[in-house]
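The values are calculated or read from the model by the stated rules, or taken from the named source; none is laboratory data. Everything quoted here is computed from the prediction, not taken from an experiment. All Cβ positions, even for glycine, are placed from backbone atoms using ideal geometry, and neighbour counts span all protein chains on display.
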Amino acid sequence: MNRTSAGFVAALVSIAQPVFAMQPVTVEVGVSCEKPTTLRVSVKNSSPARIQFDQFLLPWNHSKVLRAEAFQVVSGKSKRLPGIAPIADYLGKVSLAPKQVVKGEILLNRSFAGFDDANKSGDILIFYRVNDNKLSSDVKFNGNAGVILIPKKGMFSQGCPALVRPSHDAE
């Protein structure tokens, strides 16, 4: 085999090798009137193959996948609420078939210091985005950013939260 043939064979072999790209995982955030201070989060395998990743990367287990900031708004002035990172040891793996979805919740009073007291005296604005930085060598998290308005909590009730996702059509 001459040099040209060897180079051609080597090129074909390299093309035939599988590409180990990070698999896409879509993260969606929702709210409900039944639980106005809870974020509903879903994670969907958007790839055509089964994926597996560490359980601690689920957004409700890891504060770096879904980045959020909370601000109390009273009389036109805002005050940032300090975030609290979850403390838990999730050592298992999550395995999702193509298009499979898992769901969880983020309790805002466990994510931000003083959340309940701040919500009694003012509205809360939550700004969030899905962190698309490399958090895993196996999966890449994708999703839209948005803003959530949590109305001031009344004595006996609380209004429905409002979710605004600028990159989505009105729902």
So, in the range 132-171, how many residues would count as being polar (S, T, N, Q) and within 19 Å of LEU107 (Cα to Cα)? 2
When residues of the range 125-143 are limited to those that are hydroxyl-bearing (Ser, Thr, Tyr) and in a loop (DSSP other than H, G, I, E, B), the one nearest to the chain's Cα centre (by Cα): SER136
Check LYS93 against each of (1) loosely packed, with under 14 Cβ neighbours inside 10 Å; (2) more than 24 Å from LYS140 (Cα to Cα); (3) in contact with a strand residue (DSSP E or B) (Cβ under 6 Å, 6 or more places away or on another chain) and name the one condition it does not meet. (2)
From the residues in the range 109-123 that are touching a residue at least 60 places away in the same chain (Cβ under 8 Å) and surrounded by 16 or more Cβ atoms within 10 Å (Cβ to Cβ), which one is farthest from TRP60 (Cα to Cα)? ASN119
For LYS79, the lone unmet condition from (1) assigned to a loop (DSSP other than H, G, I, E, B); (2) among the basic types (Lys, Arg); (3) modelled with pLDDT of 95 or more is (1)
